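**Student:** Can you read through this structure? Questions will come right after.
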Amino acid sequence: MSTGAMILIVFGLFLVGGVISFAKQGLPKSVIALLAIGAFFSIAAGVLKIG
């Protein structure tokens, strides 16, 4: 696994943690949705970079 792919996946998981935290705090759904989209694309880019 390349370092760049690993960084992207770890960053995506960090953003997922932010999504969970923001949801518990009751922040607006639009903010949570944007963060979730960013997390998804970051993890997807890391997975695609592996292959």
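**Student:** Counting only protein heavy atoms and using a 1.4 Å probe, what share of the accessible area of the chain belongs to carbon plus sulfur, as a whole percent? Intermediate values should be presented prior to the final figure.
**Tutor:** Working: 2870 of 3620 Å².
For the chain, the apolar C and S fraction of the accessible surface comes to 79 percent.
**Student:** Can you give the accessible area per residue of the chain, in Å², using a 1.4 Å probe?
**Tutor:** Working: 3620 Å² over 51 residues.
Heavy-atom SASA per residue in the chain reads 71 Å².
**Student:** What are the trypsin sites (Lys or Arg not before Pro) within the chain that DSSP puts in a loop, where the Cβ has at most 14 other Cβ atoms within 10 Å?
**Tutor:** Those that pass, being in a loop and sparsely packed, number zero.
**Student:** How long are the semi-axes of the ellipsoid equivalent to the chain, from square roots of 5 times the Cα gyration tensor eigenvalues, in whole Å, largest first? Walk me through the intermediate numbers first.
**Tutor:** Working: eigenvalues 119, 18, 5 Å².
Here the semi-axes work out to 24, 10, 5 Å.
**Student:** Determine the relative contact order of the chain: mean sequence separation of Cα pairs under 8 Å and six or more apart, normalised by residue count, in whole percent. Could you put the intermediate results ahead of the total?
**Tutor:** Values: 48 pairs, mean separation 30.1, N = 51.
Relative CO of the chain lands at 59 percent.
**Student:** Between residue 25 and residue 45, how many nm apart are label points set 7 Å from Cα along the C-beta direction?
**Tutor:** 2.3 nm
The values are calculated or read from the model by the stated rules, or taken from the named source; none is laboratory data. A quick note: this is a predicted structure, and the numbers were derived from the prediction, not measured. All Cβ positions, glycine included, derive from the backbone under ideal geometry; neighbour counts span all protein chains shown. Just the protein is used for accessible areas: all its heavy atoms, side chains included, with ligands, DNA and RNA removed. Shrake-Rupley method; radii C 1.70, N 1.55, O 1.52, S 1.80 Å.
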